[in-house]
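Beneath this line is the structure, given in structure tokens, with notes to follow.
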Number of protein chains: 2
Amino acid sequence: MAKSWATLGVDLHLDPTGTQTGTGTGASTGAGVRRGLTDALRDAVRTGRLAPGTRLPSSRSLAADLGIARNTVADAYADLVAEGWLTARQGSGTHVGMGVPPTPLRQWGSAVVPPTDTTRPRRLRSRPAYDLVPGTPDLAAFPRTEWLKAARRALTSAPYQALGYGDPRGRIELRTALAAYLSRARGVRADPEHILISAGISNGLRLIGTALRARGSRAIAVESYGLTAHWQILAEAGLRTRPLPFDQLGTNPAQLTDELAVLLTPAHQFPMGVPLRHDRRSAVVDWARRTGGLVLEDDYDGEFRYDRQPIGALQGLDPNHVVYLGTASKSLAPGLRLAWMVLPPSLMEEVAKAKGDIDTCGVLDQLTLAEFITSGAYDRHVRAARLRYRRRRDTLVDALAQHAPDVHATGIAAGFHAVLSLPPGTEQSVVQAAAWQGLALHALSFYRHEHAVAAPMDALVVGYGTPPDHAWAGAVEALCRVLP
Amino acid sequence: MAKSWATLGVDLHLDPTGTQTGTGTGASTGAGVRRGLTDALRDAVRTGRLAPGTRLPSSRSLAADLGIARNTVADAYADLVAEGWLTARQGSGTHVGMGVPPTPLRQWGSAVVPPTDTTRPRRLRSRPAYDLVPGTPDLAAFPRTEWLKAARRALTSAPYQALGYGDPRGRIELRTALAAYLSRARGVRADPEHILISAGISNGLRLIGTALRARGSRAIAVESYGLTAHWQILAEAGLRTRPLPFDQLGTNPAQLTDELAVLLTPAHQFPMGVPLRHDRRSAVVDWARRTGGLVLEDDYDGEFRYDRQPIGALQGLDPNHVVYLGTASKSLAPGLRLAWMVLPPSLMEEVAKAKGDIDTCGVLDQLTLAEFITSGAYDRHVRAARLRYRRRRDTLVDALAQHAPDVHATGIAAGFHAVLSLPPGTEQSVVQAAAWQGLALHALSFYRHEHAVAAPMDALVVGYGTPPDHAWAGAVEALCRVLP
């Protein structure tokens, strides 16, 4: 039962029975209501409906809003302060904590980290049993031993000058390794001179956004579905985001007009999971050529296609009008903070300037990744990961067919996430039911641009990259329990 | 003999004999003039007098300016294009290459790297024999083996969640290790919650500058001498830099008024080499308390004092009004791109927001540095480095006393650089003579703010950190040859 929390303008989905175990006990007791309220508040913070720093209403007014006892609210607040989700400052009331994982953490699969690193939650019941928020690969499968071997070889053989202040484009060893790899694996036309290393794709978008703004651009076309974090970064750089229509054939670029640039995920639309259709691929490149526009191709998971060979990057069609963005965050680990852009030669100078006069990415990991790629370890790791994620997707699809015949995985067999279409009107209740089951996942609406041009659709976005292998069967089982 | 190059507004210091070997041959030959011109142009690019991207005058007009044959200019241009310093684009003339190490590289001791990583200069005569530009420690002494051991321990023991998207403040392991270290080694009052990891001090200044600008600040006080790169970063963040007077007692903070912040190097003024006097230390902190101002304490080489125990950080006097900035760039290597800020609690949220919603620094090096510090390896490395640099400074001071009695090393025995005062009017000619000798170094005027409030002084800033140990005696010998 959704209760509107007038004071904050968010809906709290309170389970009126206060139970999540199905035992049916404690139906209307204070303890049950208190647990229901703490869970609902925690979820509101975790999903971003309550932003960090937000001041909460007094326990008195919230109690009145919800029609429950004031002490119950005060106790719930106290629990959440003890767990680190909320902070209580003397004289200034209760606030959502700043140490709570901020937006992209929530977007990118880290909803499960404790609210702050140092505040050990008193009880860990707030930690979901399974993390199905998309964006983070299986970190338990990070090839530590191979990586350390590569680090040893790289650091042993590097000239000592490599440890000094560096070229803002990044280390030449890595740019050279990437040029060869991207050409072979993704059909990218790249030479090392026009590759720039960034601290993740989001950092890369910040640099390009800054460069575009310096060119006088004030807006950029985006897709109707995508990452709020990316739109925010572009907005911070001074670019308004204008979504393109999304229809049954995917993103439709026909309405591109005088924007200087468009941000797309051509190989595997995030999160909708469809590739950009071949005629629309051509149309985008034609538009860029005709108008001098720029296509930002976010190829976040381009190496991971399970039904066929990956389609080559759009950049291969026109390196002068397409910026290719790739990352080690999905193929290896986000913590490396290594991503790459292949830039049209005309844009390199401005993007490098936006990065600064010197490199801001550590050279040791750059040298190690270069060695990791050239030694073949990267290919081996990607092949093994592809097999692992493909199996997980297969398990998921089989389980759906068997246990949730009304729910369908849409999109191509690729990447680390699936979109599960739901019967109309069920999205929020399924997400809430999932939270009760200890499943962290996002509704499709979480990824919908506020000005999206797309028919509404109820769906879940289920990431299957994050749980370790041993947890996957349990995660699928828990998921099937909450599906209609 | 300085010839003014009217077309570009820079002075080219052409040796009219065209010789640098002292053989006296080839006095006015085309080959000698050509070599003199290429060296002078190369030096102008290297020192930043000719900025990357600058369009050079046609060979015809430069030849006319300098009163030499057009072919000589054309040949010199061709040499420098082949070496990668210049680029010749068809139809658009000759430009200073973009791959040439930009400002901070020149400022911070990397003037010796070849102009681009991939363009192998045909002849390496442009590479100085000795690099005495301050800012880079002895990279040959980077503790590779110890670092790899720490990396293995850190990566082996890290929880796999550490490899995901992270807290914008940086890894808690590193912040915890730094809090203890900085308290012990520098008298900093820090807790891990208020430490933020940045990609170098320059990156940290960018974040603070952005936060201050967001608070409405439009100007920041700086010292009359310092790093142009830092002033540029603050300017890019929207803050005008206003220099404080520098007198015989060092930087004078008496004129601080309504600025929101001041950037200082209290332990060891860069580059002048004096500490901030005790009464002025108090005055700065008093000003900050009185006005709610903020002191940015750049403690780039605080661990390296040779005459006594280092003076504790200013931050210890008032953690609520001082931002402490430290770095691994001097104690270990710039390539790590790891620095730290200890922030007043009231500023953390804004600075973290300027960094972004997620960490942009790689976690592996953060975990490794944490392990390196807590295992004691960092202390051992700093102790060994202190001894090494102290010996170099002693060698330098002894050599000056013996061979250049008119030149004095001013400033305290600390850090990695010395200021050598010169007889009035000799600064530029000594720098040029040094270039002929294959010595890369900077005049003091290179570090002077354009609105400096300080009596002019002829001096060299000599970095003794960069050359490997075996090269130091040779570097001192070469330096003494060019001193008056």
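Per-residue accessible area for residue B:480 at 1.4 Å probe radius, Å² rounded to 10?
Roll a 1.4 Å probe over it and residue B:480 shows about 20 Å².
Search the structure for amide H atoms under 5 Å from the amide H of residue A:242, placed 1.01 Å from N in the peptide plane, and list their residues when 5 or more places away or on another chain.
Sorted by chain and number, the residues that satisfy this are A:220, A:221, A:222.
Using only atoms on other chains, find how many Cβ atoms lie within 10 Å of each Cβ of peptide B:428-439 and report the average.
Counting Cβ atoms of other protein chains within 10 Å of each residue's Cβ and averaging gives 0.
Summarise the partner chain shielding of B:165-172 as one whole number: the mean count of Cβ atoms from other chains within 10 Å of each residue's Cβ.
Mean shielding count: 6.
For segment B:260-272, take each phi angle, set θ = phi - 60°, evaluate the Karplus expression 6.51 cos²θ - 1.76 cosθ + 1.60, and give the result in whole Hz per residue in order, putting x for glycine and proline.
7, 7, 9, 9, 9, 10, x, 6, 6, 3, 9, x, 5
With θ taken as phi - 60° and the coefficients 6.51, -1.76 and 1.60, list the Karplus ³J(HN,Hα) couplings across segment A:134-142 in order, rounded to whole Hz; mark glycine and proline as x.
Karplus-based 3J(HN,Hα) across segment A:134-142 equals x, x, 10, x, 6, 5, 5, 9, 4 Hz.
Could you order A:365, B:279, B:307 by accessible surface area, starting with the largest, using a probe radius of 1.4 Å?
B:307, B:279, A:365
List, in the order given, every pair from A:355/B:353; A:355/B:355; A:353/B:355; A:149/A:330 whose Cα-Cα distance in the structure shown is over 24 Å.
Too far apart for the 24 Å limit: no listed pair.
Pick out, in residue order, every one of the trypsin sites (Lys or Arg not before Pro) in segment B:273-356 that is DSSP loop and has at most 16 other C-beta atoms within 10 Å; say none if there are none.
Answer by residue number: B:277, B:308.
Please work out how much accessible surface residue B:380 shows to a 1.4 Å probe, ignoring ligands, DNA and RNA, in Å² rounded to 10.
Accessible area of residue B:380: about 120 Å².
Around residue A:414, which amide H atoms from residues at least 5 apart in sequence, or from another chain, sit under 5 Å from its own amide H, with H modelled in the peptide plane?
Excluding prolines and chain starts, which carry no amide H, the hits are A:306.
In degrees between 0 and 90, to the nearest 10, how far off the longest principal axis of chain B does helix B:172-186 point, with axes built from Cα atoms?
Around 80 degrees separate the two axes.
Please give the direction-averaged projected area of the C-alpha convex hull for segment A:332-484, in square nanometres with one decimal. It would help to have the intermediate numbers written out before the result.
Working: hull surface 50.8 nm².
Averaged projected area of segment A:332-484's Cα convex hull equals 12.7 nm².
Give me the accessible area of residue B:95, 1.4 Å probe, in Å² rounded to the nearest 10.
20
If you fit an axis through the alpha-carbon atoms of helix A:278-291 and take the longest principal axis of the Cα set of chain A, what angle between them do you get, 0 to 90°, nearest 10?
70
What average count of beta carbons from other chains do you get within 10 Å of the Cβ of residues in B:184-197?
The per-residue average across the peptide is 1.
If one computes the Cα centroid of segment B:154-210 and of segment A:262-341, what distance in Å separates the two points?
34
Decide, for chain A, between rounded, prolate and oblate: order the square roots of the alpha carbon gyration tensor eigenvalues as a ≥ b ≥ c, take rounded if a/c falls under 1.5, and otherwise choose prolate if a/b is larger than b/c, else oblate.
Values: a/c = 1.68, a/b = 1.62, b/c = 1.04.
It comes out prolate by the Cα gyration axes.
In degrees between 0 and 90, to the nearest 10, how far off the longest principal axis of chain B does helix B:377-403 point, with axes built from Cα atoms?
40
Report, by chain and number, residues whose modeled amide H sits under 5 Å from the one on residue B:198, excluding near sequence neighbours (fewer than 5 apart, same chain).
For residue B:198, the qualifying residues are B:339, B:340, B:341.
Could you please tell me the mean projected area of the C-alpha convex hull for segment A:143-375, averaged over all directions and given in square nanometres to one decimal?
Spelled out: convex hull of the Cα atoms, projected over all directions, averaged, 12.1 nm².
Semi-axes of the equivalent ellipsoid for the protein assembly as shown, please: Cα gyration tensor eigenvalues, times 5, square-rooted, ordered largest first, whole Å.
53, 34, 24
The values are calculated or read from the model by the stated rules, or taken from the named source; none is laboratory data. Every value quoted in this text rests on a predicted model; they were computed, and no experiment measured them. Cβ sites come from the backbone with ideal geometry, for glycine too, and all protein chains shown count toward neighbours. Heavy atoms of the whole protein, side chains included, go into the accessibility calculation; ligands, DNA and RNA do not. Shrake-Rupley method; radii C 1.70, N 1.55, O 1.52, S 1.80 Å.
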